[in-house]
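Asker: One structure is given below, represented as structure tokens, and several questions about it will come after.
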Amino acid sequence: MEKGQPHQPNNHLRPPVPPRSLRIPPPLTKVRQQDCSGQPRQGLLRLPLLLPHHSSSKKISKILERVMTVRLSAIARSKGLFHPTQYGSLPGLSSSDACLALTHEFRTLQRPRLKVSTLFLDIKAGFDNVDASTLRAKLLASQVPSYMVDWVSSFLSERTSTLVFQGSPNIRSPVSVDTPQGTAISPLLFLVYVTPLHMLVLRGLMVFYVEDLLITVAFPSHRGNIRLLQRHFSTMATRGPNIGVSFSVPKTELIHWRTPSQRTPPSTAPIELEGRLFHPSNVVRWLEYWFTPALTTIHHFRHRLFLARAQAVFFFGKRLSFPGAGVTPIWCHLIANGLLLPILTYGADLLTPNSSALRGMNSFWHTVQRWTTNNFYSTPTSILSWEACLPPII
């Protein structure tokens, strides 16, 4: 470049300017927060300079709630705020893990020829009994960061609800419950709150799944199991009022486990709790699993098959049918693969269906495959899976 001439930029080295729809939004500013001592502290949350409209602010609040849920879950786990036998609403754990822990425990206790019994309990209105001040004190005592404790206190205070429907007046009403249901962080706060109810069961197990819990004990006789279960229930009933929690006693169920080869008459020893007498059940429903004393699977998969048939009639016959045309094949495939198959095979990772249950499940699944492909009933079942692009049950 000669002297005196203006600098000419190298346009061929410049990156192309993105279209307006792909440009980076305006810069974000960091929120300055204050801890309990009043000292300002640079926060980790980032908010836009200009506040969005009302609907976008609701979306941002839900995103922030998800972020706080992930952070609080990691901190609570590192601080030991979750009991090892708590399986509900925690990442990496599910209802099948809780049921697997139950079956493994009572099968292990049956090996030394002990009698095993399980008491199923339910916490009464658990989310409505969470006290915000007690929860805040527990979080602070566990050295949870103060900014997170302040956010939880703000989340639980001065909440309102609005009914949204066509022509609604859009009037906000105060919510009198302590922990609202249906939010991402509410189950996590409840798990932290009910930690004092957990206890060590010698020669047994206590499993929690949010509001549902069970106590499994073993003794040389069923009468001894009844005394142990009554003792553990009395201990929890004493701890409950300290945090404002009680149990829904009418929902209590009792089961005396048996081995498949046991030929003696089943035990009929009942248990008495708060003046109510509960006899042992032949079938117990817990976390959508149906348990029998000998752990037979016919009852579980019979109910799964009944539920899948009811859903199939509802969706295929009523909700998604076009007048005079029925349901399109693409909708049939989506419903079968995304709804009916998970309902039908729920629990198959823990329980194995017997031959009678498999026949009923296969017959229903062949009907679903014919619905999807519109094939005749004379079509061989061996090619239905290929035509419908649906995996077979077995």
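Asker: Each residue of segment 124-131 in turn: what ³J(HN,Hα) in whole Hz from Karplus with 6.51, -1.76, 1.60 and θ = phi - 60°, glycine and Pro shown as x?
Answerer: Listing the rounded values in order: 7, 6, x, 5, 6, 9, 6, 8 Hz.
Asker: So between Gln311 and Asn170, what do we pick up on full extension, going 0.36 nm a residue minus the alpha carbon distance?
Answerer: 47.3 nm
Asker: Could you look at segment 273-314 and say what percent of its accessible area is carbon and sulfur, using a 1.4 Å probe and all protein chains?
Answerer: Carbon with sulfur: 58 percent of the solvent-accessible area.
Asker: Return the loop-located GluC sites (Glu not before Pro) in segment 204-290 (DSSP other than H, G, I, E, B) with at most 15 other Cβ atoms within 10 Å of their own Cβ; answer none if there are none.
Answerer: Those satisfying the criteria are Glu274, Glu288.
Asker: Please sort by residue number the chymotrypsin sites (Phe, Trp or Tyr not before Pro) in segment 127-227 whose DSSP state is loop and whose Cβ has at most 12 other Cβ atoms within 10 Å.
Answerer: Those that pass, being in a loop and sparsely packed, are Phe165.
Asker: Hey, another quick one. So, in nm, how far is label Asp131 from label Gln230 when the simple model puts each one 7 Å beyond its Cα toward the Cβ?
Answerer: Each label point is offset 7 Å from its Cα along the Cβ direction, giving 3.0 nm.
Asker: Just to verify a number: FRET efficiency for Thr328 and Ile394, C-beta to C-beta distance, R0 = 35 Å, to 0.05?
Answerer: Computed FRET efficiency for Thr328 and Ile394: 0.80.
Asker: If you roll a 1.4 angstrom probe over the protein chains with everything in place, what fraction of the accessible area of segment 102-173 belongs to carbon and sulfur, to the nearest %?
Answerer: 50 percent
Asker: In what sequence, highest mean first, do 88-99, 378-389 appear when ranked by Cβ atoms within 10 angstrom?
Answerer: 88-99, 378-389
Asker: Rounded to the nearest 20 Debye, what is the dipole magnitude of segment 227-273 about its Cα centre when Lys and Arg each give +1 and Asp and Glu each give -1 at the C-beta?
Answerer: 140 debye
Asker: Going by the alpha-carbon gyration tensor, a ≥ b ≥ c the square roots of its eigenvalues, is segment 134-231 rounded (a/c under 1.5) or, if a/c is not under 1.5, prolate (a/b greater than b/c) versus oblate?
Answerer: Oblate, since a/c reaches 1.5 and b/c is not below a/b.
Asker: List the trypsin sites (Lys or Arg not before Pro) within segment 98-130 that DSSP assigns to loop and that have no more than 14 neighbouring Cβ atoms inside 10 Å.
Answerer: Arg113
Asker: So if each residue of separation counts as 0.36 nm, and I subtract the Cα-Cα distance between Trp386 and Lys62, what length gain in nm does that give?
Answerer: Full-extension gain reported as 112.4 nm.
Asker: Ok, one more. According to the square roots a ≥ b ≥ c of the eigenvalues of the Cα gyration tensor, what is the shape class of segment 215-268, taking rounded for a/c under 1.5, prolate for a/b larger than b/c otherwise, and oblate for the remainder?
Answerer: Prolate is the answer for segment 215-268, as a/c is 1.5 or above and a/b outweighs b/c.
The values are calculated or read from the model by the stated rules, or taken from the named source; none is laboratory data. What you are looking at is a predicted structure, and each value in this text was computed from that prediction instead of being measured. Cβ: placed from backbone, ideal geometry, glycine included. Neighbour counts: every protein chain shown. Areas reflect the complete protein model, heavy atoms only, side chains present, ligands, DNA and RNA absent. Shrake-Rupley method; radii C 1.70, N 1.55, O 1.52, S 1.80 Å.
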